[in-house]
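To start, the structure itself, in structure tokens.
The values are calculated or read from the model by the stated rules, or taken from the named source; none is laboratory data. In this text the structure is predicted, and so the values were computed from the model without any measurement. When we count neighbours, we look across all protein chains shown, and the Cβ atoms used for this are built from the backbone with ideal geometry, even at glycine. Side chains included, ligands, DNA and RNA excluded: accessible areas come from the protein's heavy atoms. Shrake-Rupley method; radii C 1.70, N 1.55, O 1.52, S 1.80 Å.
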Amino acid sequence: MIMTTPESTAFQHTHEMMSLLAVAWEYLEADPEIKVITDGTHMMVWEHIGFKDRVIASTNGLSVGELHIPCAGPDHPWKWQKVQQILRIPVNTPLRERRYIVYFTRNNMSGRRHLYNQEELLGMMREWIAEWNQANAPDGVVLELDVFDRLTAPSYGPKESIERITKRARALIGPHGGSLYDGLYACPGTLSIELHPYLPRRAVQPGWDEPLVPIWSGFNTNIFYDIHMSVGLRYYHLPCLTDSDGGRHMTVDVANVRKIFDKELK
């Protein structure tokens with residue numbers, strides 16, 4: 001059975017491959033002789049679900065009796081909830097024990113979607129957390145900010161995401177990108193805020209000033225809405241003004257993030 005996607009060698013596309021696995025799981029579970037053809041990456045995922053010995057990472061000289069190509073199918077809550085079951089994610093950590101607001105930074109990456117005013121955003125979140133802790137100190141609950149940089153993380157896979165997200169996260173926030181797939185590991189009710197690059201319409205259609213329009217349409221704009229809502233997160237899609245030079249770096253309205261915190265976390 002083939003388990004690859006057009007860009008599955010990139011870490012952020014791991015869970016697109018997992019959506020294929022959800023559709024095919026019934027057949028794979030019923031017949032342990034079925035092998036899985038992959039591109040050789042993300043072995044930590046296959047090891048985590050107990051499939052390491054069933055993976056074929058190279059097709060050179062391979063001869064098969066039957067070749068199955070699963071279809072990802074339309075996005076539906078069942079599919080992403082099934083992925084959670086396959087990954088054995090214990091999404092029942094009590095809210096009181098989930099004390100971290102996790103921010104996924106991209107500013108150290110050489111690619112796109114840096115946040116121009118990241119320090120302003122981090123400063124606001126630290127200030128908000130300090131105020132929240134002061135107000136809630138009698139209850140013994142203390143929130144903390146976790147700034148996660150995938151490039152400097154010692155390892156990154158399902159076990160690490162369960163420890164960081166499932167067991168710790170009360171809220172997730174970050175620019176559009178692969179790290180937001182970690183919403184799959186979040187418990188229902190977790191707040192998630194996607195910072196998404198938008199251009200003024202006048203940059204696309206001269207003479208128009210409003211509203212903002214997304215850099216992408218379709219899949220890239222909606223993917224995290226589909227996943228996060230499917231697993232019960234409180235999802236916000238926050239448009240952020242971007243430049244038009246191809247870098248898609250952006251500026252977030254920090255006051256809007258604070259309003260969301262005030263509404264959803266207090």
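Descriptive notes on the structure:
- Of all residue pairs spaced 6 or more apart or on separate chains, those with beta-carbon atoms under 8 Å, a first member in the range 145-168 that is closer than 19 Å to residue 107 by Cβ and a second member that is in a loop (DSSP other than H, G, I, E, B) and of a type in the set (Phe, Trp, Tyr) are 150/156.
- Complete set of residues in the range 128-168 that are at pLDDT 85 or above, closer than 14 Å to residue 266 by Cβ and acidic (Asp, Glu): 131
- Failed criterion for residue 120 (all others in (1) under 25 Å from residue 177 (Cβ atoms); (2) outside any loop (DSSP other than H, G, I, E, B); (3) open to solvent by less than 80 Å² (accessible area, probe 1.4 Å) hold): (3)
- Selection count where residues are within 18 Å of residue 82 (Cβ to Cβ), at pLDDT 90 or above and not small (Gly, Ala, Ser), scope the range 32-50: 4
- Scanning the range 38-84 for residues that are of a type in the set (A, V, I, L, M, F, W, C), in a loop (DSSP other than H, G, I, E, B) and open to solvent by 30 Å² or more (accessible area, probe 1.4 Å) yields 57, 62, 64, 67, 69, 71, 72.
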